[in-house]
1. Can you pull out every residue in region 249-306 that is among the polar types (S, T, N, Q), in contact (Cβ under 8 Å) with a residue 60 or more places away in the chain and over 21 Å from Ile367 (Cβ atoms)?
2. Identify the residue in region 334-367 that is modelled with pLDDT under 80 and assigned to a helix (DSSP H, G or I) and, among all such residues, is most open to solvent (accessible area, probe 1.4 Å).
3. From the residues in region 250-272 that are in contact with a Ser or Thr (Cβ under 7 Å, 6 or more places away or on another chain) and assigned to a helix (DSSP H, G or I), which one is modelled with the lowest pLDDT?
4. Can you find a residue in region 37-58 that is outside the structural domain of Tyr269 (by the TED database), open to solvent by 60 Å² or more (accessible area, probe 1.4 Å) and modelled with pLDDT of 90 or more?
5. Return yes when Arg331 is charged (D, E, K, R), part of a helix (DSSP H, G or I), under 26 Å from the mean Cα position of the chain (by Cα) and modelled with pLDDT of 85 or more and no when it is not.
6. Can you report the number of residues in region 73-99 which are open to solvent by less than 60 Å² (accessible area, probe 1.4 Å), out of contact with any Lys or Arg (no Cβ under 8 Å at 6 or more places or on another chain) and not aromatic (Phe, Trp, Tyr)?
7. Does at least one position in region 316-325 carry a residue that is modelled with pLDDT of 80 or more, under 23 Å from Arg268 (Cα atoms) and surrounded by fewer than 19 Cβ atoms within 10 Å (Cβ to Cβ)?
8. Test Ile65 against the stated conditions and say whether it is under 15 Å from the mean Cα position of the chain (by Cα), in a helix (DSSP H, G or I) and either within 22 Å of Phe17 (Cβ to Cβ) or not assigned by the TED database to the domain that holds Thr212 (or both).
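The values are calculated or read from the model by the stated rules, or taken from the named source; none is laboratory data. Computed from a predicted model, the values in this text were never measured in an experiment. As a convention, Cβ positions derive from the backbone with ideal geometry for all residues, glycine included, and neighbour counts pool all protein chains shown. SASA here: full protein model, heavy atoms, side chains in, ligands and nucleic acids out. Shrake-Rupley method; radii C 1.70, N 1.55, O 1.52, S 1.80 Å.
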Amino acid sequence: SELEDLHLYATPREQRFRRFASLEFEGQLYMTPYDFIQAVTSDEPKRKQEFYIDKIARADELNQILMETPPVWKGSSKLFRNLNEKGVISYTEYLFLLCILTKPHAGFRIAFNMFDTDGNEMVDKKEFLVLQEIFRKKNEKRERKGDEEKRAMLRLQLYGYHTSTNSVLKAEGEDLVPRSYWDTLRRSTSQALFSDLAERADDISSSLSDTTLLVHFFGKKGKAELNFEDFYRFMDNLQTEVLEIEFLSYSNGMNTISEEDFAHILLRYTNVENTSSYLENLRCTIPEEKGITFEEFRSFFQFLNNLEDFTIAMQMYNFASRSIGQDEFKRAVYVATGVKLSPHLVNTVFKIFDVDRDDQLSYKEFIGIMKDRLNRGFR
């Protein structure tokens, strides 16, 4: 009942994390790798009882779970599936992993450089923990007003220690309102801020328990360092793993999914209320099923991660206020993102969204729906 009561004070992201998290250690909630995969691919947890929490009583129990974590150079696109319940992911790491899922490959280098505050082309555990503070400070601005005691309990659950509300991200007389956690990270990379947070990183580290990501990146003793190649491979593997899980949930062991299944996946987590009209449109215009391969499926979601660049390209083409054809769309995708979409995939996308069947895509409507899909309902 206490968990349910605190839910009222949580933001939508916090609510989702708390609904799927199944572990607790010293008052802090954690997801398992299985919980995280569920949270980004399912509407509800598969366990029947909501707010069911398995308590880890002792540090040695937590360490036993973390013993299963492989080093970063042994990572793969099956890492989270292989670990399953043998792992712990904190709330700030959950936010970080969500960021990864929506970023283009070109953004991976930017992310790495933001962590690498001393510019030595390596990221150590102390540098990585600055992320914890930045996301926590960002979150304090979004907190819902109400009972201070309840909000303090909520912070303890999410961050593992009581926090003050003095935000280093807000200078005197200055009000920063970044659009997203990614923007917060990007805008908060002044050396002054990082040096201020880095000075406290040792204190932060001593008050935190190790997690699966910390052990994976920095080893069981926390002394290893992360290079860009391993960081890039981890991010790419995570994107691939989530897409594989979504694809396999519809493919039934086949090499392709149907065009209608692709539409189902595409319209999930969007603000489209009546998906039946889109699906009916697809059935009428593509009566013979050809199928969408995983490579086509993956290429489309790589394009979605570059949606911002595509939007700029379309505005430069002056197509922003009118509909576009398949050739124009395909060319704009390639110019803006470097991703080549197959003719069949482009045709399928057009048939899903071309409601008046004139073989033209309403650019503004398509962009709006896809921004929702890209952020998995947390736009």
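1. Start the filter on region 249-306 by keeping residues that are among the polar types (S, T, N, Q), which leaves 249, 251-252, 255-256, 258, 270-271, 274-277, 281, 285, 293, 299, 302, 305-306.
Next, from what is left, pick out any that are in contact (Cβ under 8 Å) with a residue 60 or more places away in the chain: 249, 270-271, 277, 281, 285, 302, 305-306.
Answer for region 249-306, where residues must be among the polar types (S, T, N, Q), in contact (Cβ under 8 Å) with a residue 60 or more places away in the chain and over 21 Å from Ile367 (Cβ atoms): Ser249, Thr285.
2. The selected residue is Lys364.
3. Filtering region 250-272 down to residues in contact with a Ser or Thr (Cβ under 7 Å, 6 or more places away or on another chain) leaves 255-257, 259, 262, 267.
Okay, now just the ones that are also assigned to a helix (DSSP H, G or I), so 259, 262, 267.
On the way: Glu259: 92, Phe262: 92, Leu267: 86.
Residue satisfying both the conditions and the ranking: Leu267.
4. no
5. Numbers: charged (D, E, K, R): yes; part of a helix (DSSP H, G or I): yes; under 26 Å from the mean Cα position of the chain (by Cα): no; modelled with pLDDT of 85 or more: yes.
When the stated conditions are applied, Arg331 does not pass them.
6. The number of residues fulfilling the criteria is 11.
7. So the first thing to find is which residues in region 316-325 are modelled with pLDDT of 80 or more, and the list is 324-325.
Filter once more, keeping what is under 23 Å from Arg268 (Cα atoms): none.
No, the conditions are met nowhere in region 316-325.
8. Working: under 15 Å from the mean Cα position of the chain (by Cα): no; in a helix (DSSP H, G or I): yes; either within 22 Å of Phe17 (Cβ to Cβ) or not assigned by the TED database to the domain that holds Thr212 (or both): yes.
No: the conditions fail for Ile65.
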